[in-house]
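The values are calculated or read from the model by the stated rules, or taken from the named source; none is laboratory data. Because the structure is predicted, anything quoted here is derived from the model rather than measured. Here the Cβ positions follow ideal geometry from the backbone for every residue, glycine too, while neighbour counts run over all protein chains shown.
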Amino acid sequence: MMALDTLPAAAGLDIATLMRAPARIMRPEKLAAFQPSRVSASRALMSRAVRQQWSIQCRRFDIDASGRGVADYRIDIGGWRFSFPVYSFAPSSEGRTGRIIGRAWDMMGALVEGDMSPADFETTGRELPKLYEGRATPGTLIWCRSNRSGRFFDTAQQALVAGRQPDVAALAQSCYLMRNTGLDGNGTFGTKAFLTYEADHPLRWSLAAQMLCAYMMRVFAQDLVHHLARLANPAAAPLAPELRRFLGVGNGSALGLMLFVNNHPRLIDRWIGIRETALAHAKNLDLSVDGREVRQLIALIDKAIVFRRQDRAEYEALTRSEIIADDLVVVREALGRLAARLSAGEVLPVRPLADLCASLDGRIVPEALETLHAILIELVPDIADRLVDTLALDEELTGRPDMPLGRLIEIVRDEYAWAFALDLTSEASSRYVWYKSATAEEPRRGPRSEAEDAVNLGLDLARFIVRLEADLVRQDPRLSTARFLISHPQHRAIVTRVQALAGSLYHSPYADIMSEEFVPAHITRLLNVGLHGIDKTRDFLNRNLRGVMFHGAPLPEDLRSGTADDHWFYPPEPTP
Amino acid sequence: MSSATASSLPMRASLRESRMVLERLMQVVRADEGLVPSLRDCALYSAALGLGGFPAVSAHIEALRDAAPQRIAVVTEAPLTIDAAGQHAWLVAEALVDLLVAEARAGGAERAEARVVNLAASAELGVVAAIARRHGFVAALVAGDDGTAAVTLTPAGADDVDPLQRIRLEGLPVAQDLWWRLFHRANEALAADTVQSRRHAGPIKIEEDGRIVGRQDDDETDIRLLVGEVAGAKSQAGKSQVGKSSVGNPAIAGSVANSAAKTGA
């Protein structure tokens, strides 16, 4: 099914049979149920940081009481060194928003290879605020920016100044002190192109550099709140380690992620593919007679239940956490029965974990089943980590001009059957247009009647496919694609995409994204929750999400000392 | 150093930035969306291969404004001859390489030749070199001044440099002032910012009657950003100061590799 397995052929076939067919998972509402797992970018980053004992040290922290100044961090990963310069600003309410149209940021930073020279440090501080009209210095991987969560940052700071720990109940409303408002790399602003990262580069897998920046935002936010408290009161309390672990970094996301999915079909296909591959390996496991796998699953499910019960976020359209928690209890009970059968020495089915999943499918909410899937992947950490290493891929799409049209029609009908089943003719089905605004290039989606002149940026995949097929059937099936495109040049882009992705299973959601019925938040969830690994994603107007990443993650001192917990996720609220 | 001197200094635009600007330029002249990725990459290769490149791109895109690529046709099979019907070379280039690749693979000879007549901007047909490389071939071009050209395709050797990888590694040289002129021209492909448009994104929106729709319990939005006078007044500031992911090029066939994790998009 996929070329990702390096196991013997027979085992590979077993894995293939356990992978879910795309028709079962590629509808937006199914993709939206994916949960953070070991192959999510933020968790994958932490897995490596824990295993390799990354070193993160603050070398400079010159910030005044207003919040204005600079800081500088050094990150050592094996033989690689990175700098993370920070330019901090006094918070301003003017022009402040989580949307990219915002013009006020509390910090800007960069991830740069090696030790930065003073000149580059100064240049970066000058260029960063220009964004699109700024230029990164050589060796820069990412530019980033973030804002304080005003209420919660101030709450935490005031408590520390008063010599006490912040109120957990208050902080748990957001679970972060600062929120990411932008991460740009891979050539943007002159940053280093991802595919030119060296073969042994520790961040040579998709989104690793961006995730490291997000982690550093979290490090900086905690250092800043502590620093400002100390400036106000030299006897201020330090933020307790368990609270520091609990606090992650915030993140808001929206419509741009649909455009990301359109533009990165190979990455989406690979990422969903490795997730399904890792899950299939887990389902294929034989259980040890001592029951250690099931014990691990139960321990993690128990953590997940508490995590969901303590979730204070209010959701609009998403499944509430208490419902997910209730269904996780059903999972817990099923695992308990499995443990009992193991300890009783009963003969189990050949693939008991696959049976377990199958028995729960449809009985519990999708988010609960996907939580179990995420936990199952923890049974095969080495496989999952190796699969993440394959997330370095050339995303160029090249067609097959010699392909006969008969074969092209087969691919179109086989791999895009879902498109032919959609209503693509009603007015409501094509009511919307995706576009970017002149202001800050903000991705937007609105009725075409309200944005008549906008250039549509959304990939109208289903209609492209149906129109292509309609023209293909009128041709001689022996004709080459090259000849067809001479007479039908308008199909060039979709033909190239179809041919380049032929045989890939998971590259495009099965959806008409132009339709009134399409819910953009479903795809935002896929990326935010599944791919990025963000927890507690609150939904807004079916299009925006706001959540927390690195929620419970180890601290720099945990990583350096080798005491970090690899199963750091689903943190319980710290007790006073 | 004077600003004029600084602006004429060379800079290197990355593959991603170059594609973003060139793709938007194609959208500015309303090129058919099925051809945008192909035309974008022709312009990219023009810059990478030392053809007209960035200095000539504004003139070339104007020639694409009234394109009629469906008029391009194969007129003879032996020798393979394509009538470009007066169309710009960028509209012909990928179709031509396609025909040659199909012929080379079908014939088993791994070699193919074709003639093109009635070609506009024939020197720009040199982009076939980079397009052919994507298929594992080398293209040799002889372009005449009379709108004719001859192209021969042969298998690429292991030593033949991949133009895309070279752009990734080195970027493309371009004068700063030219780059920023193109950058701003390309942004004409973006939609005008209006109060109504601002309702098409974000966690909250303000209706015409001033009603705020959506939860604000932990939002920190400066509401003035969403209403009339500030939205309009800041439009230019946003263009010059604010950005986010540059991922959004809607290439159907193209792709802008690994990108921002982002967020807030």
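Here is how the numbers come out for the structure above:
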read-out	value
Count of residues meeting criterion [within 11 Å of chain A (Cβ to nearest Cβ) and farther than 15 Å from A:Arg448 by Cα] in the range B:196-208	4
Residue match in the range A:237-244 (condition: in contact with a strand residue (DSSP E or B) (Cβ under 9 Å, 6 or more places away or on another chain), charged (D, E, K, R) and away from chain B (no Cβ under 11 Å))	no
When residues of the range A:115-146 are limited to those that are hydrophobic (A, V, I, L, M, F, W, C) and not in a helix (DSSP H, G or I), the one farthest from the other protein chains (Cβ to nearest Cβ)	A:Met116
Sole exception among (1) closer than 22 Å to A:Phe550 by Cβ; (2) facing chain B (nearest Cβ under 10 Å) for A:Tyr197, by number	(1)
Residue in the range B:52-72 that is facing chain A (nearest Cβ under 8 Å), of a type in the set (Val, Ile, Thr), closer than 23 Å to A:Thr481 by Cα and touching a residue at least 24 places away in the same chain (Cβ under 8 Å) present	no
Among (1) over 15 Å from the mean Cα position of the chain (by Cα); (2) of a type in the set (A, V, I, L, M, F, W, C); (3) assigned to a strand (DSSP E or B) - the single one A:Leu545 does not satisfy	(1)
Positions within the range A:416-434 being within 24 Å of B:Ser38 (Cα to Cα) and more than 10 Å from chain B (Cβ to nearest Cβ), in sequence order	A:Tyr416
Test: residue in the range A:552-564 that is in contact (Cβ under 8 Å) with a residue 24 or more places away in the chain and closer than 21 Å to A:Glu367 by Cβ	yes
Unmet criterion (only one of (1) among the charged types (D, E, K, R); (2) farther than 15 Å from B:Gly144 by Cβ; (3) part of a helix (DSSP H, G or I)) for B:Glu124	(2)
Verdict on B:Ala150 being surrounded by 14 or more Cβ atoms within 10 Å (Cβ to Cβ), at pLDDT 90 or above, facing chain A (nearest Cβ under 7 Å) and outside any helix (DSSP H, G or I)	no
Unmet requirement for A:Leu231, which otherwise passes all of (1) under 22 Å from A:Asp106 (Cβ atoms); (2) modelled with pLDDT of 95 or more; (3) facing another protein chain (nearest Cβ under 8 Å)	(3)
Total residues in the range A:147-176, condition part of a helix (DSSP H, G or I) and more than 11 Å from chain B (Cβ to nearest Cβ)	12
Residue check for A:Gly109: touching a residue at least 40 places away in the same chain (Cβ under 8 Å) and closer than 14 Å to A:Tyr73 by Cα	yes
Residues satisfying the stated conditions in the range A:177-194, i.e. outside any loop (DSSP other than H, G, I, E, B) and more than 7 Å from every other protein chain (Cβ to nearest Cβ)	A:Leu177, A:Met178, A:Arg179, A:Phe189
Odd one out for A:Ser288 among (1) outside any helix (DSSP H, G or I); (2) closer than 24 Å to A:Asp535 by Cβ; (3) hydroxyl-bearing (Ser, Thr, Tyr)	(2)
Elements of type helices (runs of 4 or more DSSP H) contained in the range A:304-377, each with 3 or more residues being touching a residue at least 40 places away in the same chain (Cβ under 8 Å) and more than 19 Å from A:Lys283 (Cα to Cα)	A:321-343
One residue from A:Arg126, A:Arg135, A:Arg148 being touching a residue at least 12 places away in the same chain (Cβ under 8 Å), charged (D, E, K, R) and out of contact with any strand residue (DSSP E or B) (no Cβ under 6 Å at 6 or more places or on another chain)	A:Arg135
Residues that are within 8 Å of another protein chain (Cβ to nearest Cβ) and under 22 Å from A:Ser508 (Cβ atoms), drawn from the range A:435-482	A:Tyr435, A:Lys436, A:Pro443, A:Arg444, A:Arg445, A:Val455, A:Asn456, A:Leu457, A:Gly458, A:Leu459, A:Phe464, A:Thr481
Enumeration of residues in the range A:381-406 that are of a type in the set (D, E, K, R) and away from chain B (no Cβ under 13 Å)	A:Asp382, A:Asp385, A:Arg386, A:Asp389
Matching residues, the range B:1-58, being β-branched (Val, Ile, Thr) and at pLDDT below 95	B:Thr5
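This table checks each residue for (1) surrounded by fewer than 22 Cβ atoms within 10 Å (Cβ to Cβ); (2) more than 8 Å from chain A (Cβ to nearest Cβ); (3) part of a helix (DSSP H, G or I); (4) modelled with pLDDT of 90 or more.
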site	(1), (2), (3), (4)
B:Trp180	yes, no, yes, yes
B:His184	yes, yes, yes, yes
B:Gly210	yes, yes, no, no
B:Gln216	yes, yes, no, no
B:Gln236	yes, yes, yes, no
B:Ser246	no, no, no, no
B:Gly254	no, no, no, no
B:Gly264	no, no, no, no
